[in-house]
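The values are calculated or read from the model by the stated rules, or taken from the named source; none is laboratory data. The shown structure was predicted, so the numbers you read here are calculated from the model rather than taken from an experiment. Neighbour counts run over all protein chains shown; Cβ positions are idealised from the backbone, glycine included. The accessibility values were calculated without ligands, DNA or RNA, using every heavy atom of the protein model including side chains. Shrake-Rupley method; radii C 1.70, N 1.55, O 1.52, S 1.80 Å.
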Amino acid sequence: MLILFSTLHQGHAPAFEFFRGERVPCFETPARAEFVIQALLARGHDMRDPEADSSAVLPLVHSPRYLAFLESGWTQWLALDPGNNERQPFPSVWPVRTLRSDREPVDFIARLGLYSMDNGSPLSAGTWAAAKACADAAASAAGLLTRGERSVFCVTRPPGHHAGADFMGGYCFINNAAVATQSLLGSGCRRVAILDVDYHHGNGTQSIFYERPEVLVVSIHGDPRTEYPFYLGHADESGAGPGQGFNLNLPLPAGSSAAIWFEALETACTRIARHRPDALVVSLGLDTFAGDPISTFKLQAGDFSRLGARLKRLGCPTVFVLEGGYAASELGSNAANVADAFEQG
Ligand code: OKP
Ligand code: ZN
């Protein structure tokens, strides 16, 4: 399978995040991408740099003022104090219900809150370049599919599925699955399906396409009553307006077994087949793995092969974008199991 990857991801390397009241090392590390790349190369897959520029697609997915903030955010942070080079900015105030999000504050931390859903998505010096390179990979993958490639695997880090039209969150800044999807629609696909198999509900992807019938969004994830992102991902969210019926959430209880998970995958695949998509975009989170440090599903290495083989049977040109997965050393082989099984059927 063709792999798209940029070393620019290394510049996105915040040191720590908050977890249960403590500052802890980030779970979402540069090493994650290296593990995935190493494993895919070791199994003989071809790797390329992204070739497309996603600049024209980005404003179709994200708001201009959010993109402007992301692009210049680190520079603005440094302008406040050159010593900030050694510090990570975190939001501390958010425009929740009754507060206004239409006015952009001048204060940097207030703007960071306006454009964030949590305090868990730290910026670092190379965040924009890394996120933009992922979007370029997603746009490139769409181009390759429309030129006849059957599948492309984008090793995207930072991930994207929590990022909404105008906010970052859950380690995500630009929604790579949405960029791939929008690019596919722009190059002639009439219908696209997105399948999000990350442990966490892809709230950003859902919200970006919630009112659009040409994009079916299906997600299997930990029940948001107990799992991040908590405020979206329930079974009764089925789309709105013209998009009514084109969003399917399959939340599963924390601790669910592989058997339960694959039952949900069957439901997902049946719905996707009914959509008759011209292309499939898979938000490939690997944090459903039993050994994942922040998730509770019970998939084993062989289950990722089973996933790849099942997706192959959908018979669609497919873009994979990497989302979560934090069991660093097994991350690579689990990703490669999906790719290998998809190619071999
Ligand atoms: C991203 B992805 C907050 C800690 C919790 C949320 C988990 C994000 C998962 N400081 N972070 O979907 O794998
Ligand atoms: Zn996740």
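Here Ile208 does not fit the description of being buried (at least 24 other Cβ atoms within 10 Å of the Cβ), in a strand (DSSP E or B) and within 16 Å of ligand 1 (Cβ to nearest atom).
Applying the condition of being more than 14 Å from the chain's Cα centre (by Cα) and part of a loop (DSSP other than H, G, I, E, B) to the stretch 167-193 and asking which residue is surrounded by the fewest Cβ atoms within 10 Å (Cβ to Cβ) yields Gly188. Among the residues of the stretch 143-166, the one identified as of a type in the set (D, E, K, R) and crowded, with 24+ Cβ neighbours inside 10 Å is Arg157. Summed over the stretch 326-335, the residues that are open to solvent by less than 30 Å² (accessible area, probe 1.4 Å) and within 14 Å of ligand 1 (Cβ to nearest atom) give a count of 5.
The rows are residues; the columns are (1) part of a helix (DSSP H, G or I); (2) buried (at least 18 other Cβ atoms within 10 Å of the Cβ).
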| site | (1), (2) |
| --- | --- |
| Thr296 | no, no |
| Ser305 | yes, yes |
| Leu311 | yes, yes |
| Gly315 | no, no |
| Gly324 | no, yes |
| Asn337 | yes, yes |
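Considered as a group, the residues in the stretch 230-247 that are within 30 Å of Arg276 (Cβ to Cβ) and under 17 Å from the mean Cα position of the chain (by Cα) include one that is farthest from ligand 2 (Cβ to nearest atom), and that residue is Asn247. Look at the stretch 274-295: where a residue is modelled with pLDDT of 95 or more and of a type in the set (Gly, Ala, Ser) and a partner is in a helix (DSSP H, G or I) and within 16 Å of ligand 1 (Cβ to nearest atom), sitting 6+ places away or on another chain with Cβ atoms under 6 Å, you get Ser283/Ala177; Gly291/Glu330.
Please enumerate the residues belonging to the stretch 74-84 that are surrounded by fewer than 11 Cβ atoms within 10 Å (Cβ to Cβ) and over 26 Å from the mean Cα position of the chain (by Cα). Across the stretch 74-84, the qualifying residues are Asp81, Pro82, Gly83. So which of Glu51, Glu71 is away from ligand 2 (no atom under 16 Å from the Cβ), open to solvent by 70 Å² or more (accessible area, probe 1.4 Å), closer than 29 Å to Phe5 by Cβ and touching a Ser or Thr at 6+ places or on another chain (Cβ under 7 Å)? Checking each option against the conditions leaves just Glu51. Confirm whether Ala240 is touching a residue at least 40 places away in the same chain (Cβ under 8 Å), within 21 Å of Leu185 (Cα to Cα) and out of contact with any helix residue (DSSP H, G or I) (no Cβ under 7 Å at 6 or more places or on another chain). So Ala240 does not fit the description; no. In the stretch 78-94, the condition of being small (Gly, Ala, Ser) and outside any loop (DSSP other than H, G, I, E, B) is met by at least one residue.
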